[in-house]
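To keep things clear, I will list the structure first and then write my remarks on it.
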Amino acid sequence: MAINARLTWSSGLRAGDVVKVRLLVQHPMETGYLQDLSGHTIKRNVIEWIRVEYDQREVFKVDTSSGIAANPFFEFYLRASVTGLVQVSWIDDAGVKGEYSKLLVLQS
Amino acid sequence: MQQRGVEVGHLTRRALLLGSAGMGVLATSPSQAVVMSSGSLRTLTEMMEGVQGFDGNFEKFKKARVDLQMTLLADNGNSVPLSVEVSSAMTEQEHITDIYLLSQRNPVLVMARFHLGVASGKAMINTRVRLAGSQKIMAVARTNQGEWFFDEAQVVVTESACVDAS
């Protein structure tokens, strides 16, 4: 499966740091109000929610709508405690699920 | 003395520059921009209907602690960056549980609802939204004690996200 999300944070993190996380998900976020070149309305298809888990616990969730721009981008914070996996999951109106994960490594 | 500069028709270069400077002011003034909008503007009460758990008590609804930053004029409503910061220590005793982004004019009132918690460490969000025309944007935050805080921003959008640009 093609990689359709990206997670970034700065390096050299230590336990207790509040980390700025940048999340970018590749998705057209079709609003259902626009037409294609032949004049047919493009069916609405937006991401319904995006959940971020860190070390198996939910740390961030966003309920999205057509009011979020295509290729949703979010910048949020989380408190780093252990070296652990940051897992992102989402689902869109078409029922397509997405997943992406990246290991958050702390400096000892 | 010979007049220097290029003449354009009967206009001198100076007159042309003065004229175009005035046009520039018009073009950048928000009230003069050509605005493409859809829908009607919601009232505060209508906007707060999209917020779950809000009991309609506007006396407990304060314009404080939330800082919503966004551009004054967006050329294109398809992607408008904004940032919301809520001052909170994010401790077990006192933290922000939700942040709502509400639109006054979009077909969908609640643009996004963010669920935060103690694990967030800091109640700050950056994202990009779609806007269907000039309107007021509200960022509403709820604390774990059930208090409500908000901030608002007025934005002029010259091209709505709900019309096809192609």
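A few remarks follow.
- Extreme residue, farthest from the other protein chains (Cβ to nearest Cβ), among residues of region A:1-33 that are buried (at least 16 other Cβ atoms within 10 Å of the Cβ) and farther than 25 Å from A:Glu99 by Cβ: A:Asp17
- Scan of region A:34-45 for residues that are facing chain B (nearest Cβ under 9 Å) and either under 20 Å from A:Asp93 (Cα atoms) or among the aromatic types (Phe, Trp, Tyr) (or both), ordered by number: A:Leu34, A:Gln35, A:Asp36
- Residue count for region A:89-103 satisfying the condition of being surrounded by fewer than 20 Cβ atoms within 10 Å (Cβ to Cβ) and within 22 Å of B:Ala123 (Cα to Cα): 1.
- Filter pass, B:Thr91 being farther than 14 Å from B:Leu68 by Cα, touching a strand residue (DSSP E or B) at 6+ places or on another chain (Cβ under 8 Å) and among the polar types (S, T, N, Q): no
- Against the criterion of being of a type in the set (D, E, K, R), part of a strand (DSSP E or B) and over 17 Å from A:Val86 (Cβ atoms), A:Glu48 qualifies.
- In region A:51-63, the residue that is surrounded by the fewest Cβ atoms within 10 Å (Cβ to Cβ) out of those that are in a strand (DSSP E or B) and not acidic (Asp, Glu) is A:Arg57.
- In region A:90-108, the residues that are touching an Asp or Glu at 6+ places or on another chain (Cβ under 7 Å) and away from chain B (no Cβ under 14 Å): A:Ile91, A:Asp92
- Filtered residues of region A:18-56 (kept if at pLDDT below 95 and either charged (D, E, K, R) or in contact with a helix residue (DSSP H, G or I) (Cβ under 6 Å, 6 or more places away or on another chain) (or both)): A:Glu30, A:Asp36, A:Lys43, A:Arg44, A:Asp55
- Verdict on B:Glu92 being in contact (Cβ under 8 Å) with a residue 24 or more places away in the chain, surrounded by fewer than 21 Cβ atoms within 10 Å (Cβ to Cβ) and acidic (Asp, Glu): yes
- Residue match in region B:119-137 (condition: farther than 25 Å from A:Ala80 by Cβ and more than 13 Å from every other protein chain (Cβ to nearest Cβ)): yes
- Subset of region B:120-143 that is in a loop (DSSP other than H, G, I, E, B) and either among the small types (Gly, Ala, Ser) or closer than 19 Å to A:Phe60 by Cα (or both) - its residue that is farthest from the chain's Cα centre (by Cα): B:Gly121
- Residues (surrounded by fewer than 17 Cβ atoms within 10 Å (Cβ to Cβ), within 14 Å of another protein chain (Cβ to nearest Cβ) and without any contact (Cβ under 8 Å) to a residue 40 or more places away in the chain) located in region A:64-88: A:Gly84
Table: residues versus (1) away from chain A (no Cβ under 13 Å); (2) surrounded by fewer than 24 Cβ atoms within 10 Å (Cβ to Cβ); (3) not in a strand (DSSP E or B).
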site: B:Gln69; (1), (2), (3): no, yes, no
site: B:Asn78; (1), (2), (3): no, yes, yes
site: B:Ser83; (1), (2), (3): no, yes, no
site: B:Asn106; (1), (2), (3): no, no, yes
site: B:Gln145; (1), (2), (3): yes, yes, yes
site: B:Ala153; (1), (2), (3): yes, yes, no
site: B:Ala161; (1), (2), (3): no, no, yes
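The values are calculated or read from the model by the stated rules, or taken from the named source; none is laboratory data. Here the structure is a predicted model, which means the values were calculated and not measured. All Cβ positions, even for glycine, are placed from backbone atoms using ideal geometry, and neighbour counts span all protein chains on display.
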